[in-house]
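The values are calculated or read from the model by the stated rules, or taken from the named source; none is laboratory data. Given the structure is predicted, the values throughout are model-derived calculations rather than measurements. Ideal geometry is used to build each Cβ from the backbone, glycine not excepted, and the neighbour counts take in all protein chains shown. Areas reflect the complete protein model, heavy atoms only, side chains present, ligands, DNA and RNA absent. Shrake-Rupley method; radii C 1.70, N 1.55, O 1.52, S 1.80 Å.
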Amino acid sequence: MGQWCNMLPQEWFKFVNQQVKVSTEEKQEYEGLVFTVDPVSASVVLVTFDENRSASVRVILGHAVRDVQLVREGDEDTERKMRSLFIPAASLEFSTEELEERKKDLRAWLEKNLIPVTDEGDILRVANVLTIGAPYGPEQCSSSNEIILARVQSLVESKPGRESQQ
């Protein structure tokens, strides 16, 4: 790969849910599944599972990454396993239909407020800088941009009918 920090986020995204080997400038190697790549720092979040299917998470800082090699492509099972790792306990209180309805309502609210949002499966992506996962409340908003994070959380908090959804 080379020049990891100079790659575009779309290039990093191709590694998500894939088994990779990351080599660092200090000549260390780490293998695992890529959960995500931070678009600001180029840091790689790797997940490894032991025999008991418990997971450990390691963050390799972007500036230290020398090379990332694909070891094995992920499949649906890998994606499902990775998603289930970080499902908030609160989302388990809702049925699949309820979660889908909450996501649809939130997307409509954001669009009504002229916020660019795309639906990416279980995630709503706002302006390519923020994500909102199940159960689609302000606590599930995630972004490295604190200003955008605070504004979108405030907007999600002010959504009509939100009180009845808690």
With region 93-139 as the region, which strands (runs of 3 or more DSSP E) entirely inside it contain at least 1 residues that are at pLDDT below 95 and exposed (fewer than 14 other Cβ atoms within 10 Å of the Cβ)?
117-120
Test: SER144 is among the hydroxyl-bearing types (Ser, Thr, Tyr), assigned to a loop (DSSP other than H, G, I, E, B) and over 24 Å from GLU76 (Cα atoms):
yes
Filter region 1-42 for residues that are under 20 Å from the mean Cα position of the chain (by Cα) and in a helix (DSSP H, G or I); the one that is surrounded by the most Cβ atoms within 10 Å (Cβ to Cβ) is TRP4
If you go through VAL71, VAL156, the only one that is open to solvent by 50 Å² or more (accessible area, probe 1.4 Å) and not acidic (Asp, Glu) is VAL71
Can VAL65 be described as modelled with pLDDT of 90 or more, crowded, with 16+ Cβ neighbours inside 10 Å, of a type outside the set (S, T, N, Q) and closer than 30 Å to GLN28 by Cβ?
yes
What residue, of SER56, SER84, is assigned to a strand (DSSP E or B) and surrounded by fewer than 11 Cβ atoms within 10 Å (Cβ to Cβ)?
SER56
Test: ASN17 is under 20 Å from GLY133 (Cα atoms) and of a type in the set (S, T, N, Q)
yes
